[in-house]
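Right, one structure below, let's go through it.
The values are calculated or read from the model by the stated rules, or taken from the named source; none is laboratory data. Owing to the predicted nature of the structure, the values given are computational and were not obtained by experimental measurement. Counting neighbours? That spans all protein chains shown, and the Cβs are built from the backbone with ideal geometry, glycine included. When the accessible area is computed, the model is the full protein with side chains, heavy atoms only, and any ligands, DNA or RNA have been set aside. Shrake-Rupley method; radii C 1.70, N 1.55, O 1.52, S 1.80 Å.
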There are 2 protein chains.
Amino acid sequence: MSSIPLPFAIAEYAERLEKVRASMDREGVEVLIVTDPSNMSWLTGYDGWSFYVHQAVIIMPEGEPLWFGRPMDAVGARMTTYLSTDSILSYPDHYVQSFVAHPYQLLSAILRDRGVSTARVGVEMDNYYFSAKCLEVLRAELPDITVVDATSLVNWQRAVKSEQELIYMRRAARIVETMHERIREISEDGLRKSHLVAEIYDAALRGADGFGGDYAAIVPLTPSGTDAAAAHLTWDDRPMRRGEGTFFEIAGCYRRYHCPVSRTLYLGDPPTAMLKAQDAVLEGLEAGLEAAVPGNTCGQVAEAFFAVLRKHGIEKDSRTGYPVGISYPPDWGERTMSLRPGDQSIIEANMTFHFMPAIWTDEWGFETSETIVISEDGPAICLADVSRELLIKP
Amino acid sequence: MSSIPLPFAIAEYAERLEKVRASMDREGVEVLIVTDPSNMSWLTGYDGWSFYVHQAVIIMPEGEPLWFGRPMDAVGARMTTYLSTDSILSYPDHYVQSFVAHPYQLLSAILRDRGVSTARVGVEMDNYYFSAKCLEVLRAELPDITVVDATSLVNWQRAVKSEQELIYMRRAARIVETMHERIREISEDGLRKSHLVAEIYDAALRGADGFGGDYAAIVPLTPSGTDAAAAHLTWDDRPMRRGEGTFFEIAGCYRRYHCPVSRTLYLGDPPTAMLKAQDAVLEGLEAGLEAAVPGNTCGQVAEAFFAVLRKHGIEKDSRTGYPVGISYPPDWGERTMSLRPGDQSIIEANMTFHFMPAIWTDEWGFETSETIVISEDGPAICLADVSRELLIKP
């Protein structure tokens, strides 16, 4: 129907489906309702900003996945997925944001029509787009099913990246390099934040090496001065000022694959405490990269990093990284493993993480992060090449 | 603590809280857990890209609202809200995206500590950020509460805009005007979509009249040719081509307030059917504006529009608009009323809607929409001034 090329070969989608079904078997899940747009896309290729209405990919015990959504988005599903038209199902438009009819009534009817009435049905219980109401409607319509919490079942299968996925992430890495280059060029006392972010988007979207950029799942976070003590503020019209640091938590994105890389910039003479924090963070980062090898746990990576911080007298308790890859708003993380003490997840080759050493004090924030890919042997490789040092401009 | 100015006067937040409490009384809700970031911001001023982790504003029977979230975001809450430090509560960082601990365990403990154990507790059952798991944890931790579906309770209070809200929406209108101006200037055969979108973002963020833009809750939707038959595709690297139409569903955004305005552009000679659809849509739009007066229902506005389409031989069944104002991703709509036949919601002065006449055929899409504000008397006013005609370039 469409000229839109699939981002991956059909064989790769088949492999992914097989991995998911194997995990369903292990977890005793017979039917899986997938609502996370990243998971929907990873399984079928589906791409569109339609996750503000109810939609799902349903994995039945056999056959290709079913896509379920709004009629106008079913058109997009026919264009962007490998699914046959018969597998693309929709609910009437008056079910959209209605108070009297809910799309999960029809989703339940679809399951019932296909003989699912007593199965063990997996749902993404703690995900943005599977609301409490979805669960209530499903239980009311199909009272004899057993609902199984399959929150991250698909997410876990995404952890190890294929060669094609790594190609997209490397393109995203080239893009984030140009974004930081632009920041270095234009940052100056008096530059309004809204204009700064316009330049960051310009670099992100024009892309690199002839590959244009996609929208990242998180907008640029660029707080300055004491605002940078808060982790997730966005921007406004106030200008950059001499005597203030600004951290840039940004990602290049190519075909929904992300390469986040954070850096910090200071206009003027940075406080000694920030420079000391930098020494600790840069040394800790190297220690973390050394520890990020197949067979180690995520907890060991975090411990390697935190041990260096402690040596420098810095205590930090928030997690210091998470897996990344394909994603849709509001998060570019995969929401499975965490680089934090005690996380027992075993690291494997070709996993990709946003290793995110950041220090926030009451006075300022300092971030320098890398997106890393786990090697077969040796320390993890950083996908992007951006100087890690605090960038100091007069 | 911070230099970040509140977007509204304290008195306006007090009025909003009063309206919400009055609605809670009517619905028999004693405690309200608000998870929609737009509602959280509207009630307290809270602003930050932190909605990818669990957070909430809790309205107790009396006193100021409580903010609940991650420690690093509590810093942002102290900076961006009017709340006292005592009202800003957080959960330890190891609760973030954990499989063994859930933030709603602590939220429940907070309620219990404040004497809430048998109350009627309202939750936003069908909202993006109140997951099924939140509901399950809440019920397990507080088994004697009665959970009330309060999905759009706060959203409804947002429908009629204050003068300050309208000021922000007019600034957003100026911004979307410059975005369309940029589109008119640069669109041409061969222009890569990623570069086109870079220009749209540049105009959106540099803003207008000295006011820089904020990120809109939906990214620019700019499909061309047959892709435009699908409603919600984003962009890629393919170029604009002569002989193709492109619709632009975009919004200006200022301090989280949106003014969406869609237009369509054609390179070359547009198909006769598209021009005929335009005649119908433009006439229908005027009919809708005439019907959008205080006292009429949303259904009557939709009927006025659809009646004109039918006269022109066009059948359409999707809704043709919704209220807009403050918003966070993934949707800039308020998710209360819909401009569709049968919607009995009564229109009032100073309500704002995205009136969204769009025609999608199998071959192309045509959109021309307006953000409107309801007058005291007379037809609704369009906030932005952008020529509604199909823009034809050679």
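What's the carbon and sulfur percent of region B:10-157's accessible surface, probe 1.4 angstrom, rounded to a whole number?
48
Kirkwood-based Rg over Rh for region B:28-180 (C-alpha set), two decimals?
Here the Rg-to-Rh quotient is 1.00.
Hey, any idea what % of region B:163-393's accessible area is carbon plus sulfur with a 1.4 Å probe?
On the way: 3440 of 7320 Å².
Solvent-exposed carbon and sulfur of region B:163-393 make up 47 percent of the total.
How far is it, in nm, from the label point at B:Ala109 to the one at A:Tyr82 when both lie 7 Å from their Cα along the line to the Cβ?
With each label point 7 Å from Cα toward Cβ, the separation is 4.7 nm.
Rank these by accessible area, largest first, 1.4 Å probe: A:Lys19, B:Lys193. If you can, show how the numbers build up before the last one.
Numbers: A:Lys19 80, B:Lys193 15 Å².
If we order A:Lys19, B:Lys193 from most to least accessible, we get A:Lys19, B:Lys193.
Using a 7 Å offset from Cα along the direction of the beta-carbon, what are the separations from B:Ser84 to the same position in each other copy, nm, ascending?
6.7
In square angstrom and rounded to 100, what buried accessible area do you get between chains A and B, total over both, with the probe at 1.4 Å?
Details: alone 16420 and 16420 Å², together 26090 Å².
Counting protein atoms only, the buried area is about 6700 Å².
Return the ratio Rg/(2.2 N^0.38 Å) for the protein assembly as shown, where Rg is computed over Cα atoms only.
So the protein assembly as shown has a normalised radius of gyration of 0.91.
So the label point sits 7 Å from Cα along the Cα-to-Cβ vector; using that for B:Ser162, what distances do you get to the other copies, in nanometres, sorted shortest first?
Ordered by distance, the counterparts are at 5.2 nm.
Can you list residues from other chains, or at least 5 along the same chain, whose modelled amide H is less than 5 Å from the amide H of B:Gly122?
B:Glu30, B:Val31, B:Leu32, B:Ile33, B:Val148
From the helices alone, meaning DSSP H stretches of at least four residues, give me the mean residue ellipticity at 222 nm for chain A, per-run term -39500 (n - 2.57), in deg cm²/dmol to the nearest 500.
Value at 222 nm, helices only, nearest 500: -11000 deg cm²/dmol.
Given H placed on each backbone N at 1.01 Å, which residues far from A:Leu191 in sequence or on other chains put an amide H within less than 5 Å of it?
A:Met240
Where a ≥ b ≥ c are the square roots of the eigenvalues of the C-alpha gyration tensor, would you call region B:163-393 rounded, which needs a/c under 1.5, or, failing that, prolate if a/b is larger than b/c, or oblate? Please list the in-between numbers first.
Values: a/c = 1.93, a/b = 1.16, b/c = 1.66.
Cα axes put region B:163-393 in the oblate bin.
For B:Thr361 and B:Leu6, compute 0.36 nm times the residue count separating them, minus their Cα-Cα distance, and round to one decimal in nm.
Here the segment from B:Thr361 to B:Leu6 would lengthen by 123.3 nm.
For region B:10-157, with every protein chain kept in place, what is the accessible area per residue (1.4 Å probe, Å²)?
Here the per-residue accessible area is 34 Å².
Given a Förster distance of 56 Å, report the FRET efficiency between A:Ala140 and A:Ile186 from their Cβ-Cβ distance, rounded to the nearest 0.05.
After rounding to 0.05, the efficiency reads 0.50.
Extending each Cα 7 Å along its Cβ direction at B:Thr272 and B:Lys311, get the distance between those two points in nm, one decimal.
2.2
When each copy gets a label point 7 Å from Cα toward the beta-carbon at A:Glu188, what are the spacings between them in nm, shortest first?
Shortest to longest, the spacings are 3.0 nm.
Taking a probe of 1.4 angstrom, what is the accessible area of B:Arg174 in Å², to the nearest 10?
70
Enumerate the helices in chain A for which the Kyte-Doolittle hydropathy averages 0.0 or more and the C-alpha atoms extend at least 27 Å along the helix's axis, using complete DSSP H runs.
Result, helices passing both filters: A:272-291.
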